C-alpha cells in the first residue's frame, strides 16, 4: 500500500528516493512475510535490492537476511554476509557463526581464520591487543571442520595471548 502511494505521488520516479526511503518497503514486506511464516519469500523480498546498497554499511545493516529461518539460504544471503564482512571485518565472526548454523563447517573455519588474519594485521600497532577470543573461536571452527591439528595449534595461540 505504501509503495503504491509513493508511486502515485511520483516519488518512485526520484532516484534518490528509490535508493533510500523506498528500500524500507521491501523490509516491511519481508517482516510481514516472516510473521506469515513464509521464510523463503521473506528472504527473497528483504534481499531483493541488495545490489543497490552493498557498498553502504548503514544501509546493509538495515537489511535482515532471515537466513536463520530457512533450511537452505539463498545465494543472496551468503552474498549479504560476505559484503558485510568486506565493509566491516568484525562481521567475519557473525559470518562464521552463520556458517556453523548452516552446517558449513569448512566455510566457518576458513572465515574464522580470515578473522584471525585480520586481527593479526594490527600486530605491532600502539595499544593493540590481539584477541584470544577470535583465536579460540577459530579453534572450535577448525575442530568442527575436522582439522584437529590446526585446531590444537589455534587453541594454543589463544591460550598464549593475554585476555582483554
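The values are calculated or read from the model by the stated rules, or taken from the named source; none is laboratory data. Everything numeric here is computed off the predicted structure, so don't read it as measured data. Every residue, glycine among them, receives a Cβ derived from its backbone with ideal geometry; neighbour counts consider all protein chains shown.
Please count how many residues of the range 91-129 are over 21 Å from residue 39 (Cβ atoms), surrounded by fewer than 14 Cβ atoms within 10 Å (Cβ to Cβ) and either touching a strand residue (DSSP E or B) at 6+ places or on another chain (Cβ under 9 Å) or modelled with pLDDT of 85 or more (or both).
Adding up the residues that qualify gives 1.
Restricting to the range 27-53, count the residues that are closer than 19 Å to residue 79 by Cβ, surrounded by 14 or more Cβ atoms within 10 Å (Cβ to Cβ) and free of Cβ contacts under 8 Å to residues at least 12 places away in the same chain.
Selection size over the range 27-53: 1.
Filtering the range 130-164 down to residues that are exposed (fewer than 12 other Cβ atoms within 10 Å of the Cβ) and at pLDDT 90 or above, which residue is nearest to residue 96 (Cα to Cα)?
146
Considering only the range 4-26, how many residues are in contact (Cβ under 8 Å) with a residue 24 or more places away in the chain and either in contact with a strand residue (DSSP E or B) (Cβ under 9 Å, 6 or more places away or on another chain) or surrounded by 17 or more Cβ atoms within 10 Å (Cβ to Cβ) (or both)?
Residues in the range 4-26 being in contact (Cβ under 8 Å) with a residue 24 or more places away in the chain and either in contact with a strand residue (DSSP E or B) (Cβ under 9 Å, 6 or more places away or on another chain) or surrounded by 17 or more Cβ atoms within 10 Å (Cβ to Cβ) (or both): 1 in total.
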